[in-house]
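Participant: What follows is a structure written as structure tokens; I'll ask about it next.
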Amino acid sequence: MSDGEWKNNKNTSPTSVPTTRLTPIKRNTITHEFDPSAADAMFAEDSDTQLWEASELLRQGMQQQQAGELIAALKSLQKSLQLFEVIGDIQQQEQALSFLAVVTYASGDYKSTISYAQQCLTLKKETPDPSIQMQAFSHLGNAYRHLNDHNKAIKYLEECLKITRNLQDKRSQVAALNNLGLVYKAAGNLKQAIEYQEQSLKLVQELQDNWGIEQVLKNLGNAWYALDNYPKAIAHYEQCVKVARILNNPRSAIQVLKNLGNACYATNDYGKAMTYYEERLQLARELKDKRSEEQSLGSLGVTCEALGDYSQAIKYYEQRLLLARSIKDRRIEEQALASLKVACYALGDYAKAMQYQE
């Protein structure tokens, strides 16, 4: 679930809208999505002109957020919030504030996320909506995690988890447990991180949610990798790649294959490392992902050297050098040249090594 923070200012002081395009940021956080059917119910029978306008702006902002049009969504939702404040509709203010937290979290504006989430929680209602409270605590916890305030992040995500359990909302429990795991990992408490993420994995497997399973497996692999427990990291990464294939999600697979190859290399299983690096290289070329391609070529070269196959290592390094020059990356070019010289010297081909002198 995503979380947000809110400043202690009034609702009538919206966050300023940046002039550049906002791009959604990809993270390991699992976010909670609003139910579109529930959203439709919000907008029913708004006969009052001002209320109808506010509701339409809210609907528009939600649609823009889901389409990734974050600046437009921010503007629509802020206007909607202002109108709902004038009307005095607390319930709709909650909805607008919650979506503002979603938008600002997606764009990486964590301080604004905190501000909106706090405003949402401080609205005076006789019967607060637990699902909205759950959202707000989730936004707060994740935003504080990104700001490296781990104690506050844990505090709010535990509140979120408590509500998900009271609501018997398994999907939201999955998110809360996963995100608590991410906080504990960031704080260096890897054993606690794994405990939460294993609980999350069990639930998401019960739900047969492959997208969630893929994300939690990746996070568990990362936690075991950070503990230098490479066999367990490999086991989780391999499961993750299998699910990514089922989902036809090469973007995710390309990330995990890198860690999978590295974990195999760390256990001296160079043959298996080669297999995963080669698979990553193929995917990178299919996706025209130059950065992943050059990384894969470098990893393959290093692994060939570990296997004592310097001739093959040179071929990979030469491809990396050509790629670095094509994308005009001087740093990678220097690395490729240095690798080529070392491999040529190891092979005893001093004449060729001289060709790569800068």
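The values are calculated or read from the model by the stated rules, or taken from the named source; none is laboratory data. Everything numeric here is computed off the predicted structure, so don't read it as measured data. Positions of Cβ are generated from backbone atoms using ideal geometry, with glycine treated the same way; all protein chains shown enter the neighbour counts.
Participant: I'd like the residue in region 343-358 that is part of a loop (DSSP other than H, G, I, E, B) and within 21 Å of Ala306 (Cβ to Cβ) and, out of all such residues, is modelled with the highest pLDDT.
Facilitator: If we take residues in region 343-358 being part of a loop (DSSP other than H, G, I, E, B) and within 21 Å of Ala306 (Cβ to Cβ), then Gly348 is modelled with the highest pLDDT.
Participant: When both residues are 6+ apart or on different chains and their Cβ atoms are under 6 Å apart, which pairs have a first residue that lies in region 325-344 and is closer than 11 Å to Gln357 by Cα, and a second that is surrounded by fewer than 21 Cβ atoms within 10 Å (Cβ to Cβ)?
Facilitator: Once the first residue is closer than 11 Å to Gln357 by Cα and sits in region 325-344, its partners that are surrounded by fewer than 21 Cβ atoms within 10 Å (Cβ to Cβ) give Leu337/Tyr356; Leu340/Tyr356; Lys341/Ala353; Lys341/Tyr356.
Participant: Under 25 Å from Gln91 (Cβ atoms) and either surrounded by fewer than 23 Cβ atoms within 10 Å (Cβ to Cβ) or in contact with a helix residue (DSSP H, G or I) (Cβ under 7 Å, 6 or more places away or on another chain) (or both), is that true of Gln199?
Facilitator: When the stated conditions are applied, Gln199 does not pass them.
Participant: Which residues, counting only those in region 47-96, are modelled with pLDDT of 90 or more and of a type in the set (D, E, K, R)?
Facilitator: Passing the criteria: Glu53, Glu56, Arg59, Glu69, Lys75, Lys79, Glu85, Asp89, Glu94.
Participant: Regarding Asp269, is this residue of a type outside the set (Val, Ile, Thr), within 22 Å of Ile254 (Cβ to Cβ) and in contact with a Lys or Arg (Cβ under 9 Å, 6 or more places away or on another chain)?
Facilitator: Criteria not met by Asp269.
Participant: Turning to a different aspect of this structure: Of the conditions (1) at pLDDT below 95; (2) closer than 30 Å to Ala233 by Cβ, Glu278 clears all except one; give me its number.
Facilitator: It is condition (1) that Glu278 fails.
Participant: Also, I was wondering about something else. Report the residue count in region 263-299 for those that are surrounded by 20 or more Cβ atoms within 10 Å (Cβ to Cβ), out of contact with any Leu (no Cβ under 8 Å at 6 or more places or on another chain) and farther than 19 Å from Ile327 by Cβ.
Facilitator: 4
Participant: Let me ask something else. Please state which of the following conditions Ile132 fails to meet, knowing it meets all the rest: (1) of a type in the set (Val, Ile, Thr); (2) modelled with pLDDT of 95 or more; (3) out of contact with any strand residue (DSSP E or B) (no Cβ under 8 Å at 6 or more places or on another chain).
Facilitator: (2)
Participant: To continue, here is another question. Any idea which of Asp129, Asp109 is surrounded by fewer than 19 Cβ atoms within 10 Å (Cβ to Cβ) and either charged (D, E, K, R) or on the phi > 0 side of the Ramachandran plot (or both)?
Facilitator: When all the criteria are applied, what remains is Asp129.
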